[in-house]
Every structure is written in structure tokens, then in C-alpha cells.
Amino acid sequence: MSRRGILFVMTGASGVGKDTIRQAALPEIDNLFYSISATTRTKRPGELHGKHYYFYDPASFQELIDNDGLLEHAEYVGDYYGTPSAPVKEALERGQDVLLELELVGAREVKRKLPEAIMLFIAPPNLIELDRRLRGRGTDSEQRIQKRLARAREEIKAVKEFDYVVVNDMLVTAVRDFCSIIYAERLRTRHLSPGDVANFLKEL
Ligand code: 5GP
């Protein structure tokens, strides 16, 4: 029987570059399923339902919660975000590794439910740079930027709760670090199936 998939949770302040790292890293990594989140936030220009997020109105999002359809959910700067559970569960069961991109509250919830999850924190080189990146995106009002920055400070304080930290200063370095974590975790002996162990032993 193949091993169960490994669950990776990536967290880090809004604007830190989680999406950019993921988009650059995913083509380099086989067998990694990216979980598309549900949200009540309005679409940014160019965002598509089913590709970037599943965009729901608050009533439909509440329905998902009521029907136990979300592995975790959290409020973030006035909107709700959540991870549809079925695709994650199915991928893990068929032996595919899974990547979730979550803010801190949701990441903690996943860790509580699934303690074997591997937790990665993406940190900005500094807060001035984070401020610059958030403004450069040009999608949020000043008030929302301030709220996102306040939330970022809270998230950075929690860095020691994570297994790994990647500083996104130079993108190529951050992508290399991110890929290294995924590859190294896959090589852990605890993922060896009884069949793999038997194979090693038969050579002795
Ligand atoms: P944004 O609005 O910038 O796309 O996302 C805001 C924050 O919500 C980011 O930190 C992002 O990682 C987080 N987020 C995205 N999807 C989910 C989710 O399914 N659950 C939780 N808890 N956070 C999410």
C-alpha cells in the first residue's frame, strides 16, 4: 500500500509572497496537491472562481460550515476563508501530498486537528518591505492595509510555533528553501511503508 500523503501548511503575512513562492515552486514538485480555499472576499482583478478561490456569499459560506464541509475556517480582515475538507482528505488518502495556504488562526486549527501536519512560516525580510509590497499590490484601501499589517505583526510573533521558516527576501532563494523542505520531509523514515522496510531487509 502506498503511504498516506503529507500535509503541508504554509502561513505568512498577507503580501509576504506566499502565492508567488507557491507558483514558482509547484512546477518543480511532483505529486503536491494545492488546496483551493473558499472565501467571502470580493474577487481581485484577474482572479477566477475555482482557480484562485471558490468565491461565496456569506450565506453559502455559512452553509459550508454548517454541513461540516470545511477542515478549518477563520475570519481575516472582515472576510471569511476556509479549506474545503473533502479534496484534502481524498488527496491524502490516495497518497498525494497536500499544501494549504492559511492565515494563523486556520493554521493552528489544522495543527490541532492533524498534529502530523508540517508547518512552514514565510517571513518578510522586514516590515517596511512588507508594507511596500502590500501597497504595491494596489488592491486594498489604506484601512485594510493597516489591518493586514497589524495582523502580520501578530503572525510573526507566532513564528516559533512552526517547524520551518523561509525568509522571502530573494525569491529564488525562498523558492529553493521551500522546495528543500518538501523534499526533505518526503525522505523521513517515518514515511517508509512496511513494504519499503521489507525491501531494505531482504538485501541483508
Ligand atoms: P488574501 O485575501 O490576501 O487572498 O488572503 C488573506 C489571508 O487569508 C492570507 O493570509 C491567506 O493565506 C489566508 N487564507 C487563504 N485561504 C485560507 C483558508 O482557506 N483558510 C484560512 N484560515 N486562511 C486562508
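The values are calculated or read from the model by the stated rules, or taken from the named source; none is laboratory data. Remember, it's a predicted structure, so these values are computed and weren't measured experimentally. Please note: Cβ atoms are built from the backbone with ideal geometry, for glycine as well, and neighbour counts cover all protein chains shown. The protein model used for the area step is the full one, side chains on, heavy atoms only, and it has no ligands, DNA or RNA in it. Shrake-Rupley method; radii C 1.70, N 1.55, O 1.52, S 1.80 Å.
Carbon-plus-sulfur fraction of the accessible area of the chain, 1.4 Å probe, in percent? Carbon and sulfur atoms account for 55 percent of the accessible area of the chain. With a 1.4 Å probe rolled over the protein heavy atoms of all chains, the accessible area of VAL166, VAL105, VAL159, VAL172 falls in the order VAL172, VAL105, VAL159, VAL166, largest first. The residues of region 49-204 expose, per residue, 58 Å² of accessible area to a 1.4 Å probe. Extension gain, GLU129 to ASP30, is 32.5 nm, computed as 0.36 nm per intervening residue step minus the present C-alpha separation. As a ratio to 2.2 N^0.38 Å, the alpha-carbon radius of gyration computed for the chain takes the value 1.08.
Ordering of 39-52, 8-21, 178-191 by packing is 8-21, 178-191, 39-52, highest average first (other Cβ atoms within 10 Å, averaged per residue). Farthest toward the positive end of the dipole of region 7-190, out of LEU92, ALA158, LEU7, is the Cα of ALA158, where the dipole comes from beta carbon charges about the Cα centre. In this Cβ point-charge picture (+1 for Lys and Arg, -1 for Asp and Glu), the chain has a dipole of about 340 debye about its Cα centre.
Structural descriptor for the chain: relative contact order 33 percent, calculated from alpha carbon pairs under 8 angstrom and at least 6 residues apart.
For region 7-190, the number of Lys pairs with C-alpha atoms closer than 17 Å, counting only pairs eight or more positions apart or on separate chains, is 6. Dividing the summed helix terms, -39500 (n - 2.57) for each DSSP H run of n ≥ 4, by the number of residues in the chain produces a 222 nm estimate of -13000 deg cm²/dmol to the nearest 500.
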